[in-house]
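This report refers to the structure that appears directly beneath it.
Nothing in this text is a laboratory measurement; each read-out follows from the coordinates by a stated rule. Note that the coordinates shown come from a computational prediction; the quantities given were computed from them, not determined experimentally. Every residue, glycine among them, receives a Cβ derived from its backbone with ideal geometry; neighbour counts consider all protein chains shown.
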Amino acid sequence: MVGSALAALRLKAGYTQERLAQEFGISLGSLTSYEQGRRPLPLEIAEKLDEFLGTGGVLARLVNHLPESDLIALWAEEFLREVMRALFISWFEVHVIPGLLQTDNYADAIFRCRLPAFSEEKIAESVAERAERRAILYRKEPPISTFVIWEPALRMPVGGREVWLEQLRYLRECCDLPNCIIQVLPLNRPGHAGLDGPFVLLETPDHDRLAYMDNQKGNQLISDLEDIAILTQRYGMLRSQALSPDDTRALLDQILGELEQ
């Protein structure tokens, strides 16, 4: 609905997709995705388009009146789709191991902690979907992926000792995957650049840059370049505050050695 309205308003204002993308300062791929409904139109971009096209706030009102459940589903679906085809992935996580690095048993335990509870069928479906996404790290040409994980995520025995140990062993194996860099942000730092919570940065084959944030109230896909620039700066700082990849391997070896004694 929103995408169709945007296309109609663009045509009424006399713009082709190519011309609007160029003059408004947005990638053609993003504009096409908005109009086709493949990507939710962020409110801040809707407001700017209303001003640019002189639509009297129509797009912003449409976005504001979308049910929150629709927005959450669209954002999550779009994020998962873009992860599968991303060229670059930068992931900061604080509470759990990043989804792309989770074992099936660990993912199962995570989904079983969810409230309201998932059905057994939904848990099995969600674990299978996560395993499918995990496979992108094993492609012939995998995406360049970097992960910064706050140390408490390593220390929490999600699913019990055996599931936890299996996850830590698998995480250590992932440290040696091509195009995959894992860094632990140690707990003893007096502060870090990610105190506002976890986020993911993506670059697509169309060279669009996206960010995704997940929290207790839901999730949000971000395409505003200014917001993405801020998160990119934070991620760069987090990498500088985290242990090096080699020191991360050493820490994982140490934790595993202590647990397996």
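Of the listed values (1) 1.22; (2) 1.12; (3) 0.98, grab the one calculated as Cα Rg over 2.2 N^0.38 Å from the structure here.
Checking each listed value against the structure points to (2).
Starting from the amide H of Ile181, placed 1.01 Å from N in the peptide plane, find each other amide H under 5 Å away whose residue is 5 or more places distant or on another chain.
HN-HN under 5 Å from Ile181: Ser145, Thr146, Phe147.
Given a Förster distance of 51 Å, report the FRET efficiency between Ser119 and Leu28 from their Cβ-Cβ distance, rounded to the nearest 0.05.
0.80
Just the number: Rg to Rh for the range 26-156, Cα atoms, Kirkwood Rh, two decimals.
For the range 26-156, the value is 1.04.
Provide the gained length on full extension for the span Gln36 to Arg85, in nm with one decimal, where the gain is 0.36 nm per separating residue minus the Cα-Cα distance.
Here the answer is 15.8 nm.
Taking the 0 to 90 degree range and rounding to the nearest ten, how far is the long axis of helix 225-241 tilted relative to the main principal axis of the chain, both from C-alpha atoms?
Value to nearest ten degrees: 10.
Give the cross-link partners of Lys12 among the aspartates and glutamates, using a straight C-alpha distance below 15 Å as the criterion and excluding same-chain residues fewer than 8 apart.
Glu35, Asp50, Glu51
Helix 68-85: angle to the longest alpha-carbon principal axis of the chain, degrees 0 to 90, nearest 10?
Compared with the principal axis, the helix lies near 70 degrees.
Can you list the trypsin sites (Lys or Arg not before Pro) in the range 163-232 that are in a DSSP coil and have 11 or fewer other beta carbons within 10 angstrom?
Lys217
How long is the gain from His65 to Ser244 if the chain were fully straight, where each residue apart is worth 0.36 nm and the alpha carbon distance is subtracted?
This chain segment gains 59.9 nm when fully extended.
Among the DSSP beta bridges whose two residues both lie in the chain, what percent are antiparallel, rounded to the nearest 5?
So the antiparallel bridges amount to about 55 percent of the total.
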